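Notes follow once the structure below has been shown.
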Amino acid sequence: MPESLKPAERRGAARTSLVWEALLPVLEGAADVLDIGGGTGGFAVRVAGLGHRVTVVDPSPDALAALDRRARESGIDVTGRQGDLSSLLEVAGPGAADVVLCHGVLEVVDDPAAALATIREVLRPGGSLSLLVAQRHAAVVARAMAGHFGQALALLERTPDDAQRDPAGSGRAGRRFTEDEIRDLMSAAGFEVGSVHGIRVFADLVPGSLLDLEPGSTAALVELERAVSERPEFRPLATQLHVLAR
């Protein structure tokens, strides 16, 4: 990984590179990719650059305008449509995609189970879902390390039903899920989980000054993240879970 990147870019690369590595085989052979909540196109433009037809569905007109600028500057065609998971079938239509990206969205919808059922409808037979969600155990650790012990305890004892009644109470990011909760939701929606990766096991814990000052530290961090991403004993420490399902 180039050390010429700015500090924020190096940290961002450490946080997202493993998602890309897992996603690339899923994209092989896919014609149409639907990015739900894809915002300014951080993933979408890169996916389109690989030769796929990409549609971003996002509720923010400002984000879609930024997506359009990014795509034009890259010389790549990406379609942006205003909407969200509640209107996805009207915006995209059933059977519209070979691959759906749903990264950082399931946390903030009113009904995660209904959202996954909708995603299944817009996927073609044999299609794949790339789901990235915030993971609850890591949030408990992060709050405790920051000295917010009461918040850590409240989040530790929170149940999926609590989040359903009061999603905002889960924090600014909305709900956070355990791996078991996600697997249950996916199974109920008719998905077959292929793999689960722990994302950002250490990346959010390492001081930014270390990545800024130590040559080669970002590449070493990514290699460490790669080594633990599929080890179940480390997944409870991961800030996010990346689930690939069909």
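Throughout, read-outs are computed from the coordinates displayed, never taken from laboratory work. This structure is a prediction, so every number in the text was calculated from the model and none was measured. Glycine gets a Cβ as well: all are built from the backbone with ideal geometry, and neighbour counts include every protein chain shown.
Near Pro94: Cβ cut-off under 14 Å, other residues only, Lys/Arg at +1 and Asp/Glu at -1. The net charge is -2. When peptides 181-192, 110-121 are ranked by their average number of other Cβ atoms within 10 Å per residue, the highest-first order is 110-121, 181-192.
Multiplying the residue separation of Asp77 and Arg46 by 0.36 nm and subtracting their alpha-carbon distance yields 10.1 nm.
Can you give the net charge of the other residues whose Cβ lies under 10 Å from the Cβ of Val54, counting K and R as +1 and D and E as -1? Spelling it out: positives minus negatives among the neighbours equals -1. Over the chain, Cα pairs under 8 Å with separation of 6+ residues give a relative contact order of 22 percent. Quick check on the chain: take the gyration tensor over C-alpha atoms, sort the square-rooted eigenvalues as a ≥ b ≥ c, and tell me if it's rounded (a/c under 1.5), prolate or oblate. Oblate, since a/c reaches 1.5 and b/c is not below a/b.
Taking a sphere under 12 Å around the Cβ of Ala142 and counting the other residues whose Cβ falls inside, with K and R at +1 and D and E at -1, yields a net charge of +3. Each label point was placed 7 Å from the Cα along the Cα-to-Cβ direction; for Arg70 and Ala146 their separation is 2.5 nm. What you get for the chain, charging only the Cβ of Lys and Arg (+1) and of Asp and Glu (-1), is a dipole of about 320 debye around the Cα centre. A helix-only calculation puts the chain at -13000 deg cm²/dmol for mean residue ellipticity at 222 nm, using -39500 (n - 2.57) for each DSSP H run of at least four residues, averaged over all residues. Nearest 0.05, what FRET efficiency do Leu156 and Asp212 give at R0 = 41 Å with Cβ-Cβ as r? My answer for the efficiency is 0.80. What's the extension gain from Glu230 to Phe202 if we count 0.36 nm per residue and subtract their Cα-Cα distance? Gain in length upon complete extension: 8.7 nm.
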